[in-house]
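Below is one structure, written out as structure tokens; comments come after it.
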Amino acid sequence: MALNLRQKQTECIIRMLNLNQPVNSTSTANEEVYKILIFDRFCQNILSPLIHVKDLRKHGVTLYFLIDKDRKPVHDVPAVYFVQPSKINIDRIVADSSRFLYDSFYLNFSSSIPRPLLEDLASGTLNSDSVQRIAKVHDQYLEFVTLEDNLFSLAQKSIYVQLNDPSAGDREIEEIIERIVSGLFSVLATLAVLPVIRCQRGGPAEMVASALDQRLRDHLLSKNNLFTEGGGFASSFQRPILCLFDRNFELSVGIQHDFRYRPLVHDILGLKLNRLSVQGEKGGMKSYELDSSDSFWVANGCLEFPEVAVEIETQLNKYKKDVDEVNRRTGGTDGAEFDGTNLIGNTKHLMNAVNSLPELTERKQIIDKHTNIATVLLGEIKERSLDSYAKKENDMMARGGIDRNELLSVLKGKGTKTDKLRFAVIYLISSESINQSEVEAVEAALRESEVDTSAFQYVKKIKSLNVSFSSANSASRSNIVDWAEKLYGQSISAVTAGVKNLLSSDRQLALTRTVEALMEGKPNPEIDTFLAFDPRAPKSSSGTSGSHLKGPFKEAIVFMIGGGNYVEYGSLQELAMNQQTVKHIIYGSTEILTGAEFVEQLSLLGQKMGLGNVAPPPPPGP
């Protein structure tokens, strides 16, 4: 059965809402209990894309509150808590139970609660004589946000900055890696799968792979093994492959402008937790949800924007034709809005028309929604020349450069400060070598537009460290990376490494090409250096590639450390659909970032290294 992360996580949440009792085929408990739901901000974000208010009602939740809000006692009613296992949350739970706010407390933690915090909970409730109110304590392993069937985020902010910060100490790096491992463990526990792990050699990807491998090994030795339903030694065809990458593997994708519908909506309109707000046709803001229940979004998210506009028009014409057909059969007026008031005629046609009304109404709502979104997008595209940015950046990456006059005209033309900064950084990444006078002209153009050049300076600095990458062989490449890491701290790998030489003529992403090669399992020089870990195999073989670790694999979980995006997600879904045998790919990352958000992180790193400024320095005094 194909892995469906959204479905699995939703099932876990429904079971939790039903006091961790088994639920029947209608996803409700056999005995309905009215209850109160308490969550923190992080767990609210986990619930938000999966469970709506009407779903809460269905599962007996009559009231829901944030844990940090003041709440009045509600007697004779159980409370379900869904929170992160943190000191502040434990203290609040102890305070709630000591005040006897609710009849009983069902505590659910998003990840495994550490023993010291469990002891704090026990001593706190004992001291306040309220321990009998604690009915159950569960580790739910749900510390991730599922946005679509095959898309998740660990919702861990600014990981790229933290991992690449020159001043970061070993302890800080270890804590970040531990948090990422904990999130990935939750994903695997929810899916109940034990994958073969493949990763880039060196840097954060290897650190996460090694730590996750150890965490899974330790867990398999415990009595309450979450992976027992996954079966014993299955062949690689049954087990998925977990491919770990570091954002530096292909930096450009996180920065580039993209002209496909899903990435555009995310990048320009700020899609968050599957929701966005845009200006309505008649003024005022309109809020929309874009998820798997929206058939248009699912079917057309990967299309280029002009194709989406055509598709909206096609759907609208089809809708009008269907309305006309219903009106014709029932004696209504041609072309009239279908509201059910003109229904006359024979009973059979009347019944058919009535039955088709909900479906037609829903179609019209979806068409109206996407017409409004597309209209707002078109306004932004025209105002900022986003089509031009997307095309020129693609050309730069394919050709390895751009004409100087064309480059400067873009930087002096339309677009926001961030658009220009993103374009300038892509110019740096795509260039074979650094032309000093050209770079100075770019910097001058950016300063003229009052753009903070920290991100540009940061990428330029790393680019200069790795300038010999394109001609270096693999042995000297690793030496250059080692040198760069020693000079600038943690895990600075080549910004340009793997970007140009992995891009084929059809512009398939390096990430997609590599995942395809890892899933096929055939000998391939591009993945020869990738490490392999199998938590089920004897420890001595970890890091080496045994024959059973090479595939082929039907299912993959691809994880990007340092921030992912909808461009990579779309590319991997296309790969899965275009295979001769059906493949299944789940994509996740530490957080889902827009190009602007990622460039902001690059700017922060530039500032931490003392690079870049908004304006040129003032002339020296007399």
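Values computed for the structure shown
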| quantity | calculated |
| --- | --- |
| Pair list, Cβ under 7 Å, 6 or more apart: the stretch 173-185 residue more than 15 Å from residue 84 (Cβ to Cβ), other residue hydrophobic (A, V, I, L, M, F, W, C) and open to solvent by 10 Å² or more (accessible area, probe 1.4 Å) | 177/207; 177/211; 181/211 |
| Whichever residue in the stretch 392-416 is without any contact (Cβ under 8 Å) to a residue 12 or more places away in the chain and more than 14 Å from residue 430 (Cα to Cα) and, among such residues, is farthest from the chain's Cα centre (by Cα) | 405 |
| Residue among 174, 148 that alone is out of contact with any strand residue (DSSP E or B) (no Cβ under 8 Å at 6 or more places or on another chain) and in the same structural domain as residue 572 (by the TED database) | 174 |
| Long-range neighbours under 8 Å by Cβ, at least six apart or interchain, first residue within 18 Å of residue 265 (Cβ to Cβ) within the stretch 305-331, second surrounded by 13 or more Cβ atoms within 10 Å (Cβ to Cβ) and modelled with pLDDT under 90 | 315/363 |
| Long-range neighbours under 9 Å by Cβ, at least six apart or interchain, first residue under 18 Å from residue 250 (Cβ atoms) within the stretch 517-537, second among the acidic types (Asp, Glu) | 517/526; 519/555 |
| Qualifying positions in the stretch 557-594 - among the small types (Gly, Ala, Ser) and either in contact with a Leu (Cβ under 8 Å, 6 or more places away or on another chain) or at pLDDT 95 or above (or both) | 562, 563, 564, 571, 588, 589 |
| Condition check for residue 206: over 18 Å from the mean Cα position of the chain (by Cα) and free of Cβ contacts under 8 Å to residues at least 60 places away in the same chain | no |
| Residue identified as more than 30 Å from residue 536 (Cα to Cα) and at pLDDT 90 or above among 251, 216, 212 | 251 |
| Count - residues of the stretch 514-523 that are open to solvent by less than 40 Å² (accessible area, probe 1.4 Å) and either more than 23 Å from residue 247 (Cβ to Cβ) or assigned to a loop (DSSP other than H, G, I, E, B) (or both) | 1 |
| Lone qualifier among 311, 307 - being modelled with pLDDT of 90 or more and surrounded by 16 or more Cβ atoms within 10 Å (Cβ to Cβ) | 311 |
| Matching residues in the stretch 444-458 - criterion: being at negative phi and either among the aliphatic types (A, V, I, L, M) or surrounded by fewer than 19 Cβ atoms within 10 Å (Cβ to Cβ) (or both) | 444, 445, 446, 447, 448, 449, 451, 455 |
| The stretch 267-298, residues that are among the polar types (S, T, N, Q) and either outside the structural domain of residue 359 (by the TED database) or open to solvent by 40 Å² or more (accessible area, probe 1.4 Å) (or both) | 277, 279, 287, 292, 293, 295 |
| The stretch 119-139 residues that are within 19 Å of residue 76 (Cβ to Cβ), paired with ones that are modelled with pLDDT under 95 and open to solvent by 60 Å² or more (accessible area, probe 1.4 Å) (beta carbon under 8 Å, 6 or more apart) | 130/100; 133/100; 133/103 |
| Residue match in the stretch 547-556 (condition: at pLDDT 90 or above, touching a Pro at 6+ places or on another chain (Cβ under 8 Å) and among the acidic types (Asp, Glu)) | yes |
| Any hit, the stretch 161-170, residues being surrounded by fewer than 19 Cβ atoms within 10 Å (Cβ to Cβ), of a type in the set (A, V, I, L, M, F, W, C) and part of a loop (DSSP other than H, G, I, E, B) | yes |
| Scan of the stretch 37-49 for residues that are touching a residue at least 60 places away in the same chain (Cβ under 8 Å) and either within 16 Å of residue 92 (Cα to Cα) or in a loop (DSSP other than H, G, I, E, B) (or both), ordered by number | 42, 43, 48, 49 |
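Residue-wise test of (1) touching a residue at least 24 places away in the same chain (Cβ under 8 Å); (2) in contact with a His (Cβ under 6 Å, 6 or more places away or on another chain); (3) charged (D, E, K, R); (4) on the phi < 0 side of the Ramachandran plot.
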position: 65; (1), (2), (3), (4): yes, no, no, yes
position: 70; (1), (2), (3), (4): no, no, yes, yes
position: 73; (1), (2), (3), (4): yes, no, no, yes
position: 76; (1), (2), (3), (4): yes, no, yes, no
position: 80; (1), (2), (3), (4): yes, no, no, yes
position: 86; (1), (2), (3), (4): yes, no, no, yes
position: 91; (1), (2), (3), (4): yes, no, yes, yes
position: 97; (1), (2), (3), (4): yes, no, no, yes
position: 106; (1), (2), (3), (4): yes, no, no, yes
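For (1) small (Gly, Ala, Ser); (2) open to solvent by 50 Å² or more (accessible area, probe 1.4 Å), each residue gets a yes or a no:
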residue: 49; (1), (2): no, no
residue: 53; (1), (2): no, yes
residue: 60; (1), (2): yes, no
residue: 63; (1), (2): no, yes
residue: 70; (1), (2): no, yes
residue: 78; (1), (2): no, no
residue: 91; (1), (2): no, yes
residue: 99; (1), (2): no, yes
residue: 106; (1), (2): no, no
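The values are calculated or read from the model by the stated rules, or taken from the named source; none is laboratory data. These numbers were taken from a predicted model, which means no experiment stands behind them. Positions of Cβ are backbone-derived with ideal geometry, glycine not excepted, and every protein chain shown enters the neighbour counts. Ligands, DNA and RNA are stripped out before the accessible areas are found, and what is left, the full protein with its side chains, is counted by its heavy atoms. Shrake-Rupley method; radii C 1.70, N 1.55, O 1.52, S 1.80 Å.
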